[in-house]
Amino acid sequence: MLRGSNRTTATAVSRSHPRMFVRMIIVTGAAGFIGSALVGELLRQGWADIVAVDDFSHPDKAPNLEGKTLTARVDRMDFPSWLDANESRVQFIFHLGARTDTTLFDKAVFDELNIRYSQHVWDRCVRYGIPLVYASSAATYGDGTLGYGDTDDKLPYRLKPLNPYGDSKNDFDKWALGQEHKPFFWAGLKFFNVYGPNEYHKGRMASVVFHAFNQITASGGMKLFRSHRPDYADGGQLRDFVYVKDLCAVCLYLMEHRKHSGLYNLGSGKARTFLDLGRAVFAAMGRPENITFIDTPIDIRDKYQYFTEARMEKLWSIGYRPSFTSLEDGVADYVKNYLTKGARL
């Protein structure tokens with residue numbers, strides 16, 4: 001009998017009740033933006049037995065874990081064998097490690113890191129009775145033609161993402177839904193446009209808030225992509241921007257409750273324009289607005305989403321009640337308490 005399919009075993013019972021018996025929590029992608037923010041929030045909440053999994057060869061990510069007390073750091077490639085040897089100590093896995101570059105078109109890279117590696121993690125969670133939360137993405141929704149709902153488990157089979165990154169996340173979602181054996185609790189979280197502290201290393205893939213702050217600091221102005229569609233004004237493109245602190249709060253809620261497995265959207269539930277975001281950055285910096293427009297780069301222009309907005313009813317239906325941070329409040333906190341000071345979560 002698979003331990004993950006039998007909640008009456010001692011291991012499964014202990015893992016179904018927070019803070020009982022074993023307490024070790026694994027975070028993959030722990031040195032990255034969202035992973036390190038989650039590690040920080042877990043420590044702040046009093047979870048002291050944290051194992052960080054990542055490729056630690058990138059020095060630009062190292063500051064994200066400075067000052068954080070960790071039980072162990074495990075190289076990404078060593079993690080499957082490490083888990084085989086230590087599974088009895090593990091209570092929960094947050095699998096947030098992935099290749100996230102939406103401008104990369106090497107499908108083989110995504111197949112290896114976002115699909116096959118995630119399958120190895122999933123299979124071990126099934127084998128050892130470990131609950132799992134993993135990172136999916138709103139990129140699975142493609143151009144949004146089929147909407148942004150998360151209640152229909154057949155929808156992923158009809159979605160057409162706009163790039164190999166989105167394909168890889170959707171392919172894993174479909175694979176997970178189709179498995180006969182699943183972890184006794186699992187959730188795939190479709191992250192929308194996440195912004196916030198600890199994204200200093202992300203370069204081109206960092207949030208618009210991060211780039212706007214740096215542009216305004218350097219020149220007094222910021223640039224946004226011009227619209228290449230007649231139904232959207234310049235800067236009127238809409239995104240569901242979600243603050244990383246809200247994302248961490250949802251992850252902890254799911255870890256504490258461990259019920260109602262499935263795919264969940266994780267956005268704010270409210271689409272806002274890039275102009276709204278730009279104006280919020282200027283306001284947080286106390287600078288006069290100075291926004292100009294540039295053409296969307298050719299390499300991403302035909303893959304560019306003009307509207308995203310998470311349908312959040314599924315998360316509300318399982319009892320999650322905290323409100324999400326408004327764009328203005330999130331940007332103000334990020335700018336004033338982190339970017340201005342070079343601080344991290």
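Summary of values
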{"quantity": "Where Lys223 falls short, out of the listed (1) open to solvent by 50 Å² or more (accessible area, probe 1.4 Å); (2) touching a strand residue (DSSP E or B) at 6+ places or on another chain (Cβ under 7 Å); (3) without any contact (Cβ under 8 Å) to a residue 40 or more places away in the chain", "calculated": "(3)"}
{"quantity": "Segments classed as strands (runs of 3 or more DSSP E), wholly inside the stretch 153-250, with at least 2 members that are under 16 Å from the mean Cα position of the chain (by Cα)", "calculated": "186-191, 193-195, 241-243"}
{"quantity": "The listed residue being at pLDDT 95 or above, surrounded by 21 or more Cβ atoms within 10 Å (Cβ to Cβ) and in contact with a helix residue (DSSP H, G or I) (Cβ under 6 Å, 6 or more places away or on another chain), out of Leu132, Leu42", "calculated": "Leu132"}
{"quantity": "The listed residue being among the β-branched types (Val, Ile, Thr) and farther than 30 Å from Asp153 by Cα, out of Val244, Val209, Val194", "calculated": "Val209"}
{"quantity": "Every pair of residues 6+ apart whose Cβ atoms lie under 6 Å, when the first sits in the stretch 250-267 and is at pLDDT 95 or above while the second is among the small types (Gly, Ala, Ser) and not in a loop (DSSP other than H, G, I, E, B)", "calculated": "Leu254/Ala187; Leu263/Gly188; Tyr264/Ala187"}
{"quantity": "Of the criteria (1) of a type outside the set (S, T, N, Q); (2) modelled with pLDDT under 95; (3) touching a Ser or Thr at 6+ places or on another chain (Cβ under 8 Å); (4) open to solvent by 20 Å² or more (accessible area, probe 1.4 Å), which one His58 fails", "calculated": "(3)"}
{"quantity": "Test set (1) of a type in the set (D, E, K, R); (2) open to solvent by less than 10 Å² (accessible area, probe 1.4 Å); (3) more than 29 Å from Ala31 (Cβ to Cβ) - Arg229 fails condition number", "calculated": "(2)"}
{"quantity": "Residue identified as within 29 Å of Val39 (Cα to Cα) and touching a Leu at 6+ places or on another chain (Cβ under 7 Å) among Asn214, Asn170", "calculated": "Asn170"}
{"quantity": "Selection count, the stretch 298-324, where residues are touching a strand residue (DSSP E or B) at 6+ places or on another chain (Cβ under 8 Å) and either open to solvent by 30 Å² or more (accessible area, probe 1.4 Å) or not small (Gly, Ala, Ser) (or both)", "calculated": "11"}
{"quantity": "Segments classed as strands (runs of 3 or more DSSP E), wholly inside the stretch 47-147, with at least 2 members that are under 17 Å from the mean Cα position of the chain (by Cα)", "calculated": "50-54, 90-95, 132-137"}
{"quantity": "Asp150 vs. criteria of a type outside the set (Lys, Arg), in contact with a Phe, Trp or Tyr (Cβ under 7 Å, 6 or more places away or on another chain) and open to solvent by 20 Å² or more (accessible area, probe 1.4 Å)", "calculated": "no"}
{"quantity": "Options Lys314, Lys341, Lys336; residue that is closer than 22 Å to Pro156 by Cα and of a type in the set (Lys, Arg)", "calculated": "Lys314"}
{"quantity": "Any hit, the stretch 325-334, residues being open to solvent by 30 Å² or more (accessible area, probe 1.4 Å) and outside any helix (DSSP H, G or I)", "calculated": "yes"}
{"quantity": "Leading residue by the ranking (nearest to Leu43 (Cα to Cα)) among those in the stretch 335-345 that are open to solvent by less than 70 Å² (accessible area, probe 1.4 Å) and either among the aromatic types (Phe, Trp, Tyr) or part of a loop (DSSP other than H, G, I, E, B) (or both)", "calculated": "Leu345"}
{"quantity": "Asp171 open to solvent by 20 Å² or more (accessible area, probe 1.4 Å), on the phi < 0 side of the Ramachandran plot, touching a helix residue (DSSP H, G or I) at 6+ places or on another chain (Cβ under 9 Å) and among the acidic types (Asp, Glu)", "calculated": "yes"}
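The values are calculated or read from the model by the stated rules, or taken from the named source; none is laboratory data. From a predicted model like this one, the values you see are computed outputs, not experimental measurements. Here Cβ is always computed from backbone atoms with ideal geometry, including for glycine, and neighbour counts include all displayed protein chains. All accessible areas refer to the heavy atoms of the entire protein, side chains included, with ligands and DNA or RNA removed. Shrake-Rupley method; radii C 1.70, N 1.55, O 1.52, S 1.80 Å.
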